[in-house]
Amino acid sequence: MEKPVKLDCRNVWKLYGDAADGFLDNRTSEPTAEEIHAAGLIGAVRNANVRIHDGEIFVIMGLSGSGKSTLVRCLARLIEPTAGEVLFEGRDLLRMAEKELIEIRRKKMGMVFQHFALLPHLTVLENVAFPLEIQGIGRAEREARAREVIELVGLAGREAYYPRELSGGQQQRVGIARSLAVGPELWFLDEPFSALDPLIRREMQDEFLRLQALLHKTIVFITHDFDEAIRLADRIAIMQDGVIIQVATPEQLVLSPASEYVAEFTRHIPRAKVLSARTLMRAGPVDGATAGEVAASDRIEDIAARVVASELPFGVVDGAAGVIGSIGRQAVIEVLAGIQHRP
Amino acid sequence: MSRLIAILTREGRWFWPVLFAATWLVSTYGRDAARALDARWLVKYPAAWRLPLKGEISTAMDWLVEEANFGLFTFRELTRGISWLIEIPYDFARSALIEGFERGQGSNAVEIAPSLSWIAVIVAVVAMGHYARNWRLAALVGGCFAYLVIFGQWDSAMVTLASVLIAVPIGAAGGLLLGIAAYRWPLFDRILLPVLDLMQTVPVFAYLVPILFLFGFNAVAALVATIIYAMPPMIRMTTLALRTVPDEIREFGVMTGCSRRQLIWKVLVPSAAPGLMVGVNQVIMLTLNMVIIASMIGAGGLGYDVLTSLRRLDIGTALEAGIAIVVMAIALDRLSQAFAERARTEMHDPALSAGWIRRHRWLSTVVAVAAATTLAGLLVPAVQTYPEPMMITTGPFWSDLVRYINVNFFDQFEAFKTFLLWYFLLPVKRFLGGVPWTWGIGVMTLVGWRFGGWRLALLTGGLSLFIAVNGLWPKAMITVYLCGVSVVIASAIGIPLGVLSASNERANRIVGAFIDTLQTLPSFVYLIPVVMLFRVGDFAAMIAVVLYALAPAVRYAAHGVRNIDPQMIEAGIVSGCTRWQLLRRIKLPLAMPEILLGLNQTIMLALSMLVITALVGTRGLGQEVYIALTKADSGRGIIAGLSVAFIAIIADRILSASARHARARLGLE
């Protein structure tokens, strides 16, 4: 029951260098990293393929220089990819006329930036209303709408302030409010919390999840912080040297990392935060008494207290399919203790 | 021979001493040697070989004014159109500030409305001061303008202010538009850059000449010259400010769906506002500087007062007008800086929900005062025009003071002057004056080649050749001599001051304030005290040039020393350096690239000032430009102006190249 694809990125390349333009033409096979290097080019994004579904939080994770920022800018066509297609609701952004692209950006896309990118000469209210002003919406209407989103991100009362009068966290709330003002369908967040203190960062992540629970946007979220990715993502794409090396749910990443590089990231992640009851359960009908039921999609972290407190196992329920297995105290304790003899 | 050249160029140690010794020999004995060889063309450029460039430029200008036709309109109509466009707001500003509005012509004119009263103008500047920063600034600018009225400089000052009020918006807006164009179209930027370089090195008088020719001897010509002079820094600041807007802000604009126009005007330009305001501040200061200079081609105002009283040797009056210029410069500078600062730090206004009048207290006050004083002025003239009996004049006091100084300290000043002239200025003059053009071009080429390879050699050689083929070599050498002497003295004073202020906080404050003031003053003002004490001539000119060109030497040296990695100095200290060793072995060498850049700026300022000192009787290229100006000979003026610019460009390229060398050697790049 997969949702429809919102953004489909096919074979996208971004090469930097003088000879970048003709380099990919007339090639039978994909150029290797060595060939690109030999041609004096830098392969910032190499053959990226991702499909982002309606309403999902898709995180692109990579260390600095891995090409994640370049990729998201290709997806938004802030920079022109060297080759490939980016289909937004089935239409290729890269071959679209400027006028049409402007229309889509005005109505259907929003973006939040790492360093907030607030306009220094405008107040909070004017900043948030700015995208509406650009569309030519009248003052009364756009300010009413702006007040709504400012309220939504918890900044009511600060409308007349200038960005420089706000803390970093508050500034990013303005950035978020501004990107939501037009009611976008596709929401890009480019390392939105990286410039914030760790405590504020956590608070903003919670805020972000709260907003998403309300709004159900399709989200492309860039981060270099694996913990953040695990916490927020429905699916994660991991990038290294311009290549997407794995696209998977957090749980799949932890259970079966595609390479040593990915495994290195997942090693210090507490398993309880990632694994679901479905992964840990003993499948098949439950014999004997149970202490209660947990949902198959529940994370171990969230059910641990209940399961550990009980002598009896819990039944694992998967929506319409009913009880599909059971989960016991022993299995949960092993996960919590970090004993890894299971996959 | 080739071995000799190889030794000369590779072995850095010998290059300069050998070159200097050879040049000295040529300078001293060259003339006799050439005579003995019967080859006088070696030392004196033959008149028959001169390029007829001067005449051709003059002819071309004549053609432009008399005959040029663009189909729809002639060139003359174009210049008249521009005059008309500038004249209307200018007349309005003059009427509003000083002359009153009149209907009709000449003696039939009927006044229909008076100008703003002096009280209204002062209240307006106080209001701006308070709005832009605080009461202290308001008091400062209010005090400055009160000085103008009390000391009887009001009328001239308002004429000058009217020119500034017209030239600044046009210059700033023009600079902004050109800067945006250069930002958007890289090709335009590449074309514009060398033009800007040239415009900033050609001395101002040089383009007064063609402008005078095109627009006539009047205030509009002065305004056009002022605008052209003040625009380049605004263009540069605009492209720079736009380029330094963070990428994310630009991306935000694109992602919001801005059209190109919206992106520029709603996102980039406002975000770049603090940088742009710095540009506007520069435009204001340059405008004031140029309005003063341009007073000699019909702008009138304070500059005209200074010039006429200097010509009469009426030191008191000149000094009073000069102080008025200084006072006005300080007021305008502080005010525009405060506005720039405000754009950067403005906070939200708690009175946002209050009524219109409360929110715009100052605007309402100014309008009310203007209306009230205008009405009251009809009954009590003193409200409209500051009454003459209440004016204070310090003219006689200054005249007496100068007389006293000249009577009692004449010997000391004279001894000082003679000493420097005899042991420094004249030998340098003799040395440079004796260098034959052939040798000089050779030396410039060689030096260019040493620092920047054949490319730079071609440039420096070619530019010096240009000066020679136009028959200006001897005059150019006089300019080089005066400039060189002034730069050496300015550096000898400025670099130690800079090093001192970098290492001592108190010295820094005092020197900083001194230098700030020096930099705010229009170049014209420097002439007054110098002429007072040393009369006219090379020496007086040199002192004026040294004062004018001192600032960059101090600034760059201080900056260079302050920017040295503190670990280097610590390394020196733990190695047991004495303070003197620390300075000589560590600080000075490491600050050398910056000091060289400062030297570069010092040379630029010195050259531009040298043209102005032609007013007090220096010879050389400045005099040539000045003569062209009085004769309205465009060709002559342009060629002489270009020659000054070329000297500046040669110095600039060689010094920049050597600064790059120094940086590379120190591993700073």
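The values are calculated or read from the model by the stated rules, or taken from the named source; none is laboratory data. Just so we're clear, the structure is a prediction, and the values are computed from it rather than from any experiment. Counting neighbours? That spans all protein chains shown, and the Cβs are built from the backbone with ideal geometry, glycine included.
Quick one: would you say residue A:87 is outside any helix (DSSP H, G or I), within 9 Å of chain B (Cβ to nearest Cβ) and hydrophobic (A, V, I, L, M, F, W, C)?
Details: outside any helix (DSSP H, G or I): yes; within 9 Å of chain B (Cβ to nearest Cβ): no; hydrophobic (A, V, I, L, M, F, W, C): yes.
So residue A:87 fails the test.
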May I ask you to verify whether residue B:486 is assigned to a helix (DSSP H, G or I), touching a helix residue (DSSP H, G or I) at 6+ places or on another chain (Cβ under 9 Å), of a type in the set (S, T, N, Q) and closer than 26 Å to residue B:550 by Cα?
yes
Quick check: is even one residue across segment B:144-153 under 24 Å from residue B:322 (Cα atoms), over 25 Å from the mean Cα position of the chain (by Cα), part of a helix (DSSP H, G or I) and hydroxyl-bearing (Ser, Thr, Tyr)?
yes
Checked segment B:56-91 for anything in contact with a helix residue (DSSP H, G or I) (Cβ under 6 Å, 6 or more places away or on another chain) and under 30 Å from residue B:435 (Cα atoms); matches are B:57
Could you list all residues from segment A:178-206 that are among the small types (Gly, Ala, Ser) and either surrounded by 24 or more Cβ atoms within 10 Å (Cβ to Cβ) or within 12 Å of another protein chain (Cβ to nearest Cβ) (or both)?
A:179, A:181, A:195
Would you check which residues across segment A:110-129 are at the interface with chain B (Cβ under 7 Å from one of its Cβ atoms) and buried (at least 23 other Cβ atoms within 10 Å of the Cβ) and list them?
A:111, A:113, A:117
Residues of segment B:256-300 being of a type in the set (Val, Ile, Thr) and within 9 Å of chain A (Cβ to nearest Cβ), in sequence order, are B:256, B:267
The listed residue being surrounded by 19 or more Cβ atoms within 10 Å (Cβ to Cβ) and either over 30 Å from residue B:331 (Cβ atoms) or outside the structural domain of residue B:539 (by TED's automatic domain parsing) (or both), out of B:422, B:437, B:449
B:437
For segment B:452-467, what are the residues that are surrounded by 19 or more Cβ atoms within 10 Å (Cβ to Cβ) and either of a type in the set (D, E, K, R) or in contact (Cβ under 8 Å) with a residue 24 or more places away in the chain (or both)?
B:452, B:456, B:459, B:460, B:463, B:464, B:467
Just to be sure, is residue B:647 assigned by TED's automatic domain parsing to the domain that holds residue B:522, assigned to a helix (DSSP H, G or I) and buried (at least 19 other Cβ atoms within 10 Å of the Cβ)?
yes
Return yes when residue A:230 is assigned by TED's automatic domain parsing to the domain that holds residue A:130 and assigned to a helix (DSSP H, G or I) and no when it is not.
yes
Scan of segment B:238-255 for residues that are more than 7 Å from chain A (Cβ to nearest Cβ) and not in a helix (DSSP H, G or I), ordered by number
B:244, B:245
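Helices (runs of 4 or more DSSP H) wholly in segment A:247-295 with at least 1 residues that are under 20 Å from the mean Cα position of the chain (by Cα) - which ones? Show your work before the answer.
Numbers: elements: A:250-255, A:260-266, A:277-280.
Qualifying helices (runs of 4 or more DSSP H): A:250-255, A:260-266.
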Restrict the check to segment B:151-161 and report whether at least one residue is among the β-branched types (Val, Ile, Thr) and buried (at least 24 other Cβ atoms within 10 Å of the Cβ).
yes
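Scan segment B:306-350 for residues that are away from chain A (no Cβ under 14 Å), more than 30 Å from residue B:615 (Cα to Cα) and among the hydrophobic types (A, V, I, L, M, F, W, C) and report the count. Please lay out each step first, then the result.
Step one: filter segment B:306-350 for residues away from chain A (no Cβ under 14 Å), giving B:306-338.
In the following step, the residues that additionally are more than 30 Å from residue B:615 (Cα to Cα) were identified as B:335-338.
Checking the rest, the ones that are also among the hydrophobic types (A, V, I, L, M, F, W, C) come to B:335, B:338.
Looking only at that region, the number is 2.
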Looking at segment B:565-617, which of its residues are under 18 Å from the mean Cα position of the chain (by Cα) and over 30 Å from residue B:315 (Cα atoms)?
B:597, B:598, B:599, B:600, B:601
Please name all residue pairs, on different chains or six or more residues apart, with Cβ atoms under 9 Å, provided the first residue is in segment A:161-172 and is touching a residue at least 24 places away in the same chain (Cβ under 8 Å) and within 12 Å of chain B (Cβ to nearest Cβ) and the second residue is hydroxyl-bearing (Ser, Thr, Tyr) and in a loop (DSSP other than H, G, I, E, B).
A:161/A:123; A:162/A:123; A:163/A:123
Residue tally, condition within 30 Å of residue B:593 (Cα to Cα) and not small (Gly, Ala, Ser), over segment B:625-659
10
Output yes when any residue across segment A:27-50 is under 24 Å from residue A:103 (Cβ atoms) and out of contact with any strand residue (DSSP E or B) (no Cβ under 6 Å at 6 or more places or on another chain), and no when none is.
no
